[in-house]
Amino acid sequence: MPRPPTMEDVARTAGVSRSTVSRVFHHGGERVSPDAVIAVHEAAERLGYVHNLVASGLAQRHGTQLGLLIRDATNPAYGHLHAEMNRAVEATGRTLISVTASHHDYGTAEVDGLKRLIGQRVAGLFVGTGVTAAEDLVETVSATPMMIVGRPNRHPQIESVSYDERAHGRLIAERIAEAGHRRIAVLSAPLLYSRVFDLRVRSLVERCAELGVQTVPVELLPVEKGVVRALDLAREEQLTCIVSPVDYVALDLLRAAAERGVRIPEELSTVGFDGLSDGIDLIGLATVKLPVAEVAREAVDRMGELLRRAQASPGPGPEGTPSALHSEQAPPARHTVHAGRFLPGRTLGPVPETMRP
């Protein structure tokens, strides 16, 4: 197997010194002629040379590289968050590297992912997962600026920019009540599976109680069995709507309903959360669309502030003590939320005439 090209190979191919190549990659071409910069980049592209920012330590020294810990990227909500975070980071002249934790894991893989990102010497960390408790994040990360993005958080030492899931749960409840539904099924999962799901469902149930809508909980996991349980219960208990805590579950529910010959929404309504999957408008799923781009932009802006604060503050204290970023002397962490918007769809219809009082 041929060895990977080196900086010396680039210099020889470009006809310049190694120090010139180093200045091009390490210092943005400072004190290097435009012709030489072009020659170096052309040589690097021809050879397939990729400069290692981590090995050179530039990411940490200049704050150019940020890390993102994200959950299963096959979930459209996380996939969109990854894309928007990358776009927002690149707009600041920095780069983003990411680690994905398995969506079946209950926290261990997330902590391991954080440690891998720290090992890459990132200047700051974004945590966009839904499982690991904030208390565990503080213990894992002490000296690197960190921000929770896209998930519920009220920890006094960790900044966050999130979706307003409390408002989303209440919004869905209000739309269900407006359609005349008074007895509904709600698919729910344990807190350890998703803090986002938990907050959505709790808020929806609370608002339904205020509006006189009875909610019947149905265990979601495993998803393929949970949607079947919900359909069975809806038939047995004369429930008129099923709430899914996320769109991909609502889509599984639609598939299971079609297999059973249950007509949506003529016989049963359903709603979801996220509003990000391709073709949602064609399917006509009633859902809430998350404001992913807004959350990503504010998170990146705020990370810039954290990095400036870290540069101006003293480093971590003696071993075992928190850094100034997470100490009691640090400024109070800010927690902001952005509300999405309801996407009306054909899957939320009126109560069937045969079930009306």
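The values are calculated or read from the model by the stated rules, or taken from the named source; none is laboratory data. Keep in mind the model is a prediction, meaning the values are calculated, not measured. Don't worry about glycine lacking a Cβ; one is built from the backbone with ideal geometry, like all the others, and counts go over all protein chains shown. Ligands, DNA and RNA are stripped out before the accessible areas are found, and what is left, the full protein with its side chains, is counted by its heavy atoms. Shrake-Rupley method; radii C 1.70, N 1.55, O 1.52, S 1.80 Å.
Points worth noting:
- Odd one out for LEU254, checked against (1) part of a loop (DSSP other than H, G, I, E, B); (2) in contact (Cβ under 8 Å) with a residue 40 or more places away in the chain: (1)
- Among the candidates ARG151, ARG202, residue that is free of Cβ contacts under 8 Å to residues at least 60 places away in the same chain, part of a loop (DSSP other than H, G, I, E, B) and under 21 Å from the mean Cα position of the chain (by Cα): ARG151
- The one condition in (1) at pLDDT 95 or above; (2) open to solvent by 20 Å² or more (accessible area, probe 1.4 Å) that VAL227 fails to fulfil: (2)
- Considering residues of segment 136-168 that are of a type in the set (Asp, Glu) and touching a strand residue (DSSP E or B) at 6+ places or on another chain (Cβ under 7 Å) only, the residue surrounded by the most Cβ atoms within 10 Å (Cβ to Cβ): GLU159
- Yes/no for GLY279 being modelled with pLDDT of 90 or more, within 30 Å of ALA230 (Cβ to Cβ) and within 25 Å of the chain's Cα centre (by Cα): no
- Breaking point among (1) surrounded by fewer than 24 Cβ atoms within 10 Å (Cβ to Cβ); (2) touching a Phe, Trp or Tyr at 6+ places or on another chain (Cβ under 8 Å), for GLY279: (2)
- In segment 236-251, the residue that is farthest from VAL351 (Cα to Cα) out of those that are open to solvent by 50 Å² or more (accessible area, probe 1.4 Å) and touching a residue at least 12 places away in the same chain (Cβ under 8 Å) is TYR248.
- Restricting attention to segment 110-169, the residues being more than 25 Å from VAL205 (Cβ to Cβ) and among the aromatic types (Phe, Trp, Tyr) number 1.
- Scan of segment 174-187 for residues that are crowded, with 22+ Cβ neighbours inside 10 Å and either among the hydrophobic types (A, V, I, L, M, F, W, C) or at pLDDT below 95 (or both), ordered by number: ILE176, ILE184, ALA185, VAL186, LEU187
- Leading residue by the ranking (modelled with the highest pLDDT) among those in segment 67-97 that are closer than 18 Å to PHE197 by Cβ and among the hydroxyl-bearing types (Ser, Thr, Tyr): TYR78
- Any hit, segment 58-66, residues being buried (at least 19 other Cβ atoms within 10 Å of the Cβ), at pLDDT 80 or above and either aliphatic (A, V, I, L, M) or farther than 30 Å from THR287 by Cα (or both): yes
- For VAL249, the stated conditions hold: it is part of a helix (DSSP H, G or I) and within 24 Å of the chain's Cα centre (by Cα).
- Condition met for LEU171 (under 25 Å from ARG154 (Cα atoms), open to solvent by 30 Å² or more (accessible area, probe 1.4 Å), assigned to a helix (DSSP H, G or I) and touching a residue at least 40 places away in the same chain (Cβ under 8 Å)): yes
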